[in-house]
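Chemist: Got a structure for you, questions after.
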Amino acid sequence: MKCLELHSKKKQNLAMRLPSYEPLSIFGRFAIISVIAVLILHFISYVTRIPEELQVKIPPIIYVVVILAFNVAAELQIILDNILERFLPVPKKIKLRLFLQISVGILFLYVAHRGIMYFVEPKLTLQDSRSGVIMGMVTGLVFVQMVANSLTIARFTQKWFDSQEQIAEMKREKLRMDYNSLQDQLNPHFLFNNLSVLKSLIIYDPDVAVEFTENFTDVYRYVLQSKDKRLVKLGEELDFMKAYCALHKERLGEGINVDSLVPIDVFDKEIAPLTGQLLIENAIKHNITSRETPLEIKLFVEDDCLVVSNNLNRRDASYSTKTGLRNLVKRYEILTEKEIVVQYDEKRFEVKVPLL
């Protein structure tokens, strides 16, 4: 299936990027940390008392040990950051994230420091300079950790600012949705069509007219109740979709069939209100609905997404600006980082909406 791209392109700034493991990135980090390690080693050698025979030249093994220890400590901190960002992304569970990041970082520092001192202490320290060497190495390792965590700190800050911006955007979107939900869902055409059907049923089939009226009131009650909500239970949305589809079924007869295969164990998941109505209305609007070529709509769950799929039998005069789908995509970009997927081929059109 082809994918229909409706998401706005997001240019990821430097602060939001996770450290890369491409060869060039690894080499760059290794070079920077190694230079810092050598500078710190020479600084310690300069400010502390070094045995006479070692003042001119520091043994090569010391360079190797310090450079490796500093780089291993930095890379372990970066790996930890990548893992935590995957399972505890900022700003979710921020207290646990900070606790793990700091405590494990301190453990890395301790292990790296003990490893360095095991090799350095016998060669570069006298009894009265030992404390200076220890403090110098600790300071150097802390500085390296700060360099390794610079993007993490920037990401924390950037996501905090982004979250504040999203809150403001959600308030603006809420005001627009309050208006648009009534404007779009209670549109005159839908109201007129259903009142016409109801009038005919009252005359020719009063019993069916009662059931039709119940579905009609359920639909509009749900629309009015959901306009103040950001999310609703999937079970509630499916009940609404059942009543909504019943209205179309009464009007279109055998021209439309809706088959719901959603398991009950996901009914407590959440979804943006009126999502199903928009997708079903979109399918009806752009496809022929007749007894000879009925519109077949299927609802099912796949990859933790509600999938609304329909066969393609486009109307000749159908024109689409994709405004409805674009608005739905924008709503979900505010609600979650998970993306709506729109895909199609010659036979079917389907939309995957993340369950929250």
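The values are calculated or read from the model by the stated rules, or taken from the named source; none is laboratory data. Computed from a predicted model, the values in this text were never measured in an experiment. Counting neighbours? That spans all protein chains shown, and the Cβs are built from the backbone with ideal geometry, glycine included. Just the protein is used for accessible areas: all its heavy atoms, side chains included, with ligands, DNA and RNA removed. Shrake-Rupley method; radii C 1.70, N 1.55, O 1.52, S 1.80 Å.
Chemist: So which chymotrypsin sites (Phe, Trp or Tyr not before Pro) in the range 259-352 end up in coil per DSSP with only 12 or fewer other C-beta atoms within 10 Å?
Modeler: When the chymotrypsin sites (Phe, Trp or Tyr not before Pro) of the range 259-352 are filtered for loop state and at most 12 Cβ neighbours within 10 Å, Y319 remain.
Chemist: Leaving out ligands, DNA and RNA, and with a 1.4 Å probe, what % of the accessible surface on the range 244-296 is carbon or sulfur?
Modeler: Carbon and sulfur atoms account for 50 percent of the accessible area of the range 244-296.
Chemist: Quick one: work out the % antiparallel among DSSP beta bridges in the range 233-348, nearest 5.
Modeler: Looking only at bridges with both residues in the range 233-348, the antiparallel portion is about 65 percent.
Chemist: Between I26 and D345, 0.36 nm times their residue separation minus their Cα-Cα distance comes to what?
Modeler: 110.7 nm
Chemist: Could you pull out the GluC sites (Glu not before Pro) across the range 233-296 that fall in loop regions by DSSP (anything but H, G, I, E, B) with no more than 11 other Cβ atoms inside 10 Å?
Modeler: Hits after loop and neighbour filter: E292.
Chemist: Another question, then. Please list, in order along the range 257-267, the HN-Hα scalar couplings obtained from phi with the Karplus expression 6.51 cos²θ - 1.76 cosθ + 1.60 (θ = phi - 60°), rounded to whole Hz, x for Gly and Pro.
Modeler: So the Karplus estimates, Gly and Pro as x, are 9, 10, 10, 9, 10, 7, x, 5, 6, 10, 5 Hz.
Chemist: Need one number: nm distance between label points at I83 and S163, each 7 Å from Cα along Cα→Cβ, rounded to one decimal.
Modeler: 2.4 nm
Chemist: Another question, then. Principal axes first, then extents: for the Cα atoms of the range 250-355, list largest minus smallest coordinate on each axis, whole Å, largest first.
Modeler: The Cα atoms of the range 250-355 stretch 40, 32, 25 Å along the principal axes, largest first.
Chemist: Quick check: from the Cα gyration tensor, does the range 229-275 come out rounded (a/c under 1.5), prolate or oblate?
Modeler: Oblate shape, in that a/c is at least 1.5 and b/c is the bigger or equal ratio.
Chemist: Mind ordering 240-246, 204-210 by average Cβ neighbours within 10 Å, highest first?
Modeler: Per-residue Cβ counts within 10 Å, averaged per peptide and sorted highest first, yield 240-246, 204-210.
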